[in-house]
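These notes concern the structure reproduced below.
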Amino acid sequence: MDGEIPLDQPHTSRVYDYFLDGKDNYEVDRKAAEEILKVWPNIRTAARVNRQFMHRSTRFLAESGVRQFLDIGTGIPTEPNLHQVAQAVTPEARVVYVDNDPVVLAYARALMTGTAAGSTTYIQGDVRDPAAILRSAELLEALDLSQPVGLSMIALLHFVEADIPAILSGFLDALAPGSYLVICAITPDFAPEQVLPAQEVYRVRRLPAQVRHYDEMVGWFAGLDLIDPGVVPPHRWRLGETSEFTEAFDAKVSCWCGVGRKP
Ligand SMILES: C[S@@+](CC[C@H](N)C(=O)[O-])C[C@H]1O[C@@H](n2cnc3c(N)ncnc32)[C@H](O)[C@@H]1O
C-alpha cells in the first residue's frame, strides 16, 4: 500500500489516527500532530469525545428505526466503527462509507466487514460534490433513497472550506423524510487561543481547515427538526442526567454537535 501513498504531506485522517493512539500514521503526520498538541494539549480528549458522540448518535438513529447510513469523512478504521454500532442494534443495517482520502479507503476495505444480514460499502468521494456521491452505482446498490437515511459528517466539516449549507441541501434534498443529519465540528467559541493556531498548523501544510461559530452551525440544521438537546458540545449530547461537565472541559473539546430530522 505504501507505494501509492504520498509520505511528504500529512493527511488529516492519519493525524487524527495519531490523536486516537492508532498505528496508521507516518512521521510527517506525527510532526503535524505534535505541533497541534503544543497549542491544543487536550485534542486527544476532543478526538475521543467526538468518537463517543459518533457511537451515541448512531445508536440513537438505529434505535429510532434508521436502517441505512451514509457516513462521510469516515476516517481510518477505529473500533467500534459506525457500521458495528448500527449493526449491533439492527443487524440488517446498510452502511455506506465515503472519504476523499485513498488511504482511508484502502484501510477500510481491508479491515471493515459488516454483518451477514447487513452491508458495508466504501466509496471514494468528496463531500463538496453531493451529486457525484449520490449517483454512484455502489451507493445506489446499497441504499434505497426512497427510505430514510442517517447522514453523518462527524469531525469532517472543519476540513471543508466551502459553502456548507449548499453542500447539506445537495444531500438532504435527495433524502427521504425521516432521514437524519448528524454533525460534529470544531469551533473557536470556547478557546480561540488553542483552536485558531491549530487551524493554522493545517493551513500552512496546504490542508483545508475552517472552524465555525455556534450561530453558523445552528443554521446548518435549518428546515430540520433539531433533536434534543440541540446544538451542544458532544459530551453534553444525551449522555444521561447524572453527567456533569465544566466549562473548562467544554474548552478542551471545543466542538459543537447536533442531530436533525428531516420532516
Ligand atoms: C478527523 S477524520 C474523522 C473520522 C470519523 N468521522 C470520526 O469522527 O472519528 C476526518 C476525515 O474526513 C476526511 N475528509 C476531509 N475532507 C474531506 C472531503 N472534502 N470529502 C470527504 N472526506 C473528507 C478525511 O480524509 C478524514 O478521514
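The values are calculated or read from the model by the stated rules, or taken from the named source; none is laboratory data. What you are looking at is a predicted structure, and each value in this text was computed from that prediction instead of being measured. Using ideal geometry, Cβ is built from the backbone for each residue, glycine included, and neighbour counts are taken over all protein chains shown.
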Legend entry - Flag for residue 206 being at positive phi and more than 11 Å from the ligand (Cβ to nearest atom): yes
Legend entry - Qualifying residues in segment 88-104 (those that are in contact with a strand residue (DSSP E or B) (Cβ under 9 Å, 6 or more places away or on another chain) and more than 20 Å from residue 58 (Cβ to Cβ)) - the one modelled with the highest pLDDT: 100
Legend entry - Any hit, segment 21-34, residues being away from the ligand (no atom under 16 Å from the Cβ), of a type in the set (D, E, K, R), under 30 Å from residue 240 (Cβ atoms) and not in a helix (DSSP H, G or I): no
Inset, instruction - For segment 113-121, indicate whether the set of residues that are at pLDDT 90 or above and either in contact with a helix residue (DSSP H, G or I) (Cβ under 9 Å, 6 or more places away or on another chain) or under 22 Å from residue 163 (Cα atoms) (or both) is non-empty. - result: yes
Inset, instruction - Kindly list, by first and then second residue, each pair from a residue in segment 75-97 that is at positive phi to a residue that is among the hydroxyl-bearing types (Ser, Thr, Tyr) and within 10 Å of the ligand (Cβ to nearest atom), limited to pairs with Cβ atoms under 9 Å and residues at least 6 apart or on different chains. - result: 75/12; 75/13; 75/16
Inset, instruction - Within segment 98-116, identify whether any single residue is touching a Phe, Trp or Tyr at 6+ places or on another chain (Cβ under 7 Å), over 28 Å from residue 194 (Cβ atoms), outside any helix (DSSP H, G or I) and β-branched (Val, Ile, Thr), and answer yes or no. - result: no
Inset, instruction - Mind listing whichever residues of segment 233-263 are of a type in the set (Asp, Glu) and either touching a Cys at 6+ places or on another chain (Cβ under 6 Å) or in contact (Cβ under 8 Å) with a residue 40 or more places away in the chain (or both)? - result: 247, 250
Legend entry - Single unsatisfied condition, residue 170 versus (1) assigned to a strand (DSSP E or B); (2) over 24 Å from residue 236 (Cα atoms): (1)
Inset, instruction - Please enumerate the residues belonging to segment 115-142 that are more than 19 Å from the chain's Cα centre (by Cα) and within 22 Å of residue 91 (Cα to Cα). - result: 115, 116, 117, 118, 119, 138, 140, 141, 142
Inset, instruction - Please determine, by comparing only the residues of segment 9-67 that are touching a Lys or Arg at 6+ places or on another chain (Cβ under 6 Å) and of a type in the set (Ser, Thr, Tyr), which one is surrounded by the fewest Cβ atoms within 10 Å (Cβ to Cβ). - result: 45
Inset, instruction - With the checklist (1) within 15 Å of the ligand (Cβ to nearest atom); (2) surrounded by fewer than 20 Cβ atoms within 10 Å (Cβ to Cβ); (3) part of a helix (DSSP H, G or I) in hand, flag the one item residue 141 doesn't pass. - result: (1)
Inset, instruction - May I ask you to list the residues in segment 150-167 that are crowded, with 18+ Cβ neighbours inside 10 Å and in a loop (DSSP other than H, G, I, E, B)? - result: 155, 156, 160
Inset, instruction - Would you be able to say whether some residue in segment 99-120 is free of Cβ contacts under 8 Å to residues at least 60 places away in the same chain, within 9 Å of the ligand (Cβ to nearest atom) and farther than 22 Å from residue 64 by Cβ? - result: yes
Legend entry - Residues within segment 183-208 that are closer than 20 Å to residue 163 by Cβ, among the hydrophobic types (A, V, I, L, M, F, W, C) and buried (at least 19 other Cβ atoms within 10 Å of the Cβ), tallied: 4
Inset, instruction - From (1) at pLDDT 95 or above; (2) outside any helix (DSSP H, G or I), pick out the condition that doesn't hold for residue 75. - result: (1)
Inset, instruction - Could you identify the single residue in 61, 37 that is more than 9 Å from the ligand (Cβ to nearest atom), without any contact (Cβ under 8 Å) to a residue 40 or more places away in the chain and not polar (S, T, N, Q)? - result: 37
Inset, instruction - Residues that are β-branched (Val, Ile, Thr): find the helices (runs of 4 or more DSSP H) completely inside segment 186-263 holding 2 or more of those. - result: 192-204
